[in-house]
Every structure is written in C-alpha cells, then in structure tokens.
1. Decide, for region 54-122, between rounded, prolate and oblate: order the square roots of the alpha carbon gyration tensor eigenvalues as a ≥ b ≥ c, take rounded if a/c falls under 1.5, and otherwise choose prolate if a/b is larger than b/c, else oblate.
2. For the pairs Lys70/Lys157; Lys105/Lys157; Lys57/Lys92; Lys57/Lys124; Lys70/Lys116, flag any whose C-alpha to C-alpha distance is greater than 22 Å.
3. For region 41-158, max minus min Cα coordinate along each principal axis, in Å, sorted largest first?
4. What does the charge dipole of region 41-158 about its Cα centre add up to, to the nearest 20 debye, if the Cβ of each Lys and Arg holds +1 and the Cβ of each Asp and Glu holds -1?
Amino acid sequence: MKERKLTPKISLLRLLLFLTLAMPLLRSADAGINGPTAAQDNLIVRGVLVCLNQGLKEASCGGNDLLGLKSADGRIYPLKTGKAAQTLKEEKRLQTNEFQLTLKKMNDSTTYEIVKSQFIRGGKLYDFYYYCDVCNITTYTPGPCMCCRQETEYHEKPVE
Ligand SMILES: [Zn+2]
C-alpha cells in the first residue's frame, strides 16, 4: 500500500526532472535563433591599414589622419579615432601593415569601433598585448600601467 501512495510523487518528480532537462535545450534553441544576429554586429575584416582624407577615401598619410582598414576586395572600413587605431599605426614592433580586426559599426557614424586587433606578419596571425608583471594586468594599448604607472611590456603570440 505504501508504494501506491508514492506513485503520484514519483510522476511529479519525473515531470520536474523532464522540465529541468528540457529547459537548457529550449534555451539553447533560443540562442540558436539569436546567435547569428548577435554575430552580425561584429565584423572580422582582414586588410591593410590606410590613411583616409575627410571624404573617407584613401590618401597619403599626413599628421592627424583618419585611419581605415582596406580589405582585399578594396572595401574601406573607416576606424573610430582613438588609441586602439593609433596603436596600429604607431606601434613599430608590430612590423607589419596587415591586420585582422574585429569591428563593430558605430550607430551614429560611418566609422567602426575596434573590438579586437590582431596582426598578420609573413602570412601568420598574431595576438599582441601589453602586460604589467607587477599588477598582472593586460591591456591592448601601450603606455604606463593603469594601476602602478610602470611602463607595460609589449608581447606578441602567434594564434594557433
Ligand atoms: Zn602595474
């Protein structure tokens, strides 16, 4: 008789277990729908760094140029002015003018924000970063450590 009383409880547990197992599946189905849209916000573009004039056309480099990434098919992606873009131009240790940038289109302008910078040298893709070994802090633009003001150290690493 005891067993019969337990049966409804077991069914309920089974139902709960089913729901618990099913929920992550439902969620991942949801993410599958949203995934491609989210990925479209970021563009990964390979190209060479070029200077741009006010009309966003490729121009010879002067002093305070706008910068752009020119892909192999000739498309120009103007880059948002800032330290991330300047670093690509000014960091001589990169020893290349070819980059793979992860870009995000700015809503209110024609420029792209740099989400991630990688460079290509001799056909190989590299990550680069600046590191403070005192504070164990990694940054992606050069200069003194934001924490202890000691100069950060340049590092580069081939992408596997
Ligand atoms: Zn530091």
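Nothing in this text is a laboratory measurement; each read-out follows from the coordinates by a stated rule. Computed from a prediction, not measured in an experiment: that's the story for all the values here. Every residue, glycine as well, gets a Cβ built from its backbone with ideal geometry; the counts of neighbours run over all protein chains shown.
1. Rounded shape, in that the Cα axes give a/c under 1.5.
2. Check vs 22 Å cut-off fails for Lys70/Lys157; Lys105/Lys157; Lys57/Lys92; Lys57/Lys124.
3. Principal-axis extents of the Cα atoms in region 41-158, largest first: 44, 31, 31 Å.
4. 220 debye
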